[in-house]
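The structure appears right after this line, and notes come after that.
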Amino acid sequence: MSKADVVIGCFYGDEGKGKVIDYLAADAGIAVRATGGDNAGHTIKIDGVKYAMHLIPSGILSGHTIGMIGNGVVLNPQVLLEEISNLRDHGYDMERYLRISDKAHVILPYHRLLDAALEKARLAKIGTTGKGIGPAYCDKYERSGLRMEDFYARGFKGKLKELTESRQALIRFYDPENETVGEMLDFGRIYEDYARYGETLRPFVCDVVTSLHKALEQDERVLVEGAQATLLDIDFGSYPFVTSSNPTIGGVLTGTGLSASDIGNVYGVIKAYSSRVGEGPYVTELTDATGDRIRELGHEYGTTTGRPRRCGWLDLVALKYAKRVNGLTALAVNHLDTIGKFDKIKVCVAYDCDGERTEDFSTNLEFLGRAKPVYQELEGGFGDITGAGSFEELPRAAQDYIRFIEDAIGIPAKFIGTGADRSAMLVRE
Ligand code: GDP
Ligand code: IMO
Ligand code: MG
């Protein structure tokens, strides 16, 4: 019986998980998404063609991997249908390679409106992606959410009507100036749209839990695709500046139905620097010209919202925390090419809190507000490494940079990204 390998973001998202997933999917029969929704944006470049994946598992791009959307995902059917259509245009056989859990929750139009209304009313903004993620998870945990299987059950229309109408009042409460709510939540139109979405998606809906376990029993390789990241986790992130799911290892289990003993390798993905999009603490953020230079060199603009990402040096204190919380077995380090354009590179090795040095991370906001990064400076100037064929071919300073991270965290860096294209990835055994 085989084990499922997992890919998890270590920091605030956008570490290049999509690229690592795409590499691992070459050997996988199934790639399953466990959490989040279309707030995720995973970019994969294949022979110069750029794919921006939001809901459909990136593993599907291998051409032979079945992409499964797990029960832990909140799914906007309109977005999903657009993605299906886009991939079909690229020649992918979606009927054959896409499956959706009957237990995945559905994002409804009021979720997005409520997301915007709540954000508008908040004094301390989170900077959500506006995709309705938080309100959809609220409905799930409040036990009024609509699941994929409800599309095909009696009472669908009544449930949709009750939800749509009751939430109108909520949106009006948080955003009394919004005069378009009634029009945007016109039930007749929503019912027509959603009934159509349900029928169109019917062939893809299945029992993902059983499919995953049967695949493992038949020795097939299963890959779990993380979205978002450790410091955006609702429990282990910088609450409240987080997303509304558990993108850490626990969410992998509850979002798929795999058990703890089914898990094999847990790969933590980082960039050779760091970034964050949205509000909240960020100890190694650079708000100066160096931060701007990282953003330009790394093309750090959001895949989902197009927002400029905040950028800074790599934070090994936060990375050690991500290793602990997720039980990481190895790292994937992307953008080594980008960081190598700096002559000198700084890495945060500890925090200074009012004169006291610590290497232990905490998500306490007051702690993060006081923590100042303690940097160690390393040599950069790697030159153009995108064409390197192996780790040994990299210049000495680039190898030393990777070894420095490995020594600090205590796990190997198995994957090293040297460029955006699928081919620009070094794999170490
Ligand atoms: P994800 O959400 O974790 O999948 O990451 P995103 O796709 O949102 O952001 C990562 C960005 O970095 C994308 O534009 C990738 O094409 C790009 N990328 C990933 N790995 C590398 C790398 O090693 N070098 C360079 N230059 N770009 C990379
Ligand atoms: P991937 O999978 C980066 C951030 C948002 C915001 C916070 C809450 O591409 O790494 P939400 O819409 O989830 O309620 O927003 O979380 N966020 C992400 N940041 N990458 C992501 O996904 C993100 N998904 C959510 O910017 O700060
Ligand atoms: Mg992303």
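The values are calculated or read from the model by the stated rules, or taken from the named source; none is laboratory data. What you see is a predicted model, and the numbers here were worked out from it, not measured in a lab. Every residue, glycine among them, receives a Cβ derived from its backbone with ideal geometry; neighbour counts consider all protein chains shown. We work out accessible area using only protein heavy atoms, side chains counted, and drop any ligands, DNA or RNA first. Shrake-Rupley method; radii C 1.70, N 1.55, O 1.52, S 1.80 Å.
Measure off 7 Å from each Cα along the Cα-to-Cβ vector at ARG88 and ASP186, then give the distance between these two points in nanometres to one decimal.
Here the answer is 2.6 nm between the modelled labels.
Mind checking the angle between helix 156-174 and the chain's longest principal axis? C-alpha axes, 0 to 90 degrees, to the nearest 10.
Taking the Cα atoms of the chain, the angle to 156-174 is about 60 degrees.
If N is the number of residues in the chain, what value comes out of its Cα radius of gyration divided by 2.2 N^0.38 Å?
On the way: Rg = 21.6 Å, N = 429, 2.2 N^0.38 = 22.0 Å.
Ratio of Rg to 2.2 N^0.38 Å for the chain: 0.98.
What is the set of long-range amide H partners of ALA330 at a cut-off below 5 Å, with H atoms built 1.01 Å from backbone N?
Residues meeting the amide H criterion: VAL266, GLY268.
Aspartates and glutamates near LYS125 by alpha-carbon distance under 16 Å, same-chain residues fewer than 8 away left out - which ones?
Cross-link targets: ASP115, ASP175, GLU279.
Angle between the Cα long axis of helix 77-89 and the longest principal axis of the chain, 0 to 90 degrees, nearest 10?
The angle comes out near 70 degrees.
Tell me, what HN-Hα J-couplings in whole Hz come from the Karplus equation 6.51 cos²θ - 1.76 cosθ + 1.60 at θ = phi - 60° for each residue of the range 277-284, using x for Gly and Pro?
Going residue by residue, I get 10, x, 8, x, x, 6, 4, 9 Hz, with x marking Gly and Pro.
If the cut-off is a Cα-Cα distance under 24 Å, which lysines reach LYS341, setting aside same-chain residues fewer than 8 apart in sequence?
Straight-distance partners of LYS341: LYS17, LYS19, LYS45, LYS50, LYS271, LYS414.
Over the chain, what relative contact order in percent results from Cα pairs under 8 Å that are six or more residues apart? Let's see the in-between values first.
Working: 947 pairs, mean separation 87.5, N = 429.
Relative contact order for the chain comes out at 20 percent.
If you average the alpha carbon positions of the range 133-155 and of the range 400-414, how far apart do those two centres end up, in angstrom?
For the range 133-155 versus the range 400-414, the Cα centre distance is 43 Å.
Need one number: the % of Cα-Cα pairs in the range 239-397 sitting beyond the 24 Å mark.
Tail fraction, whole percent: 43.
Among the aspartates and glutamates, select those whose C-alpha is under 12 Å from the C-alpha of LYS372, and discard any that sit fewer than 8 residues away in the same chain.
Result set, ordered by chain and number: GLU285, ASP315, ASP352, ASP354, GLU356, GLU359.
Suppose all protein chains stay in the model; what accessible area per residue would a 1.4 Å probe give for the range 171-219, in Å²? Working shown, then result.
On the way: 3000 Å² over 49 residues.
Normalised by residue count, the accessible surface of the range 171-219 is 61 Å².
Calculate what fraction, in whole %, of the accessible area of the range 167-273 sits on carbon and sulfur atoms when a 1.4 Å probe is rolled over the protein chains. Mind showing how you got there, number by number?
On the way: 2450 of 4710 Å².
Here it works out to 52 percent.
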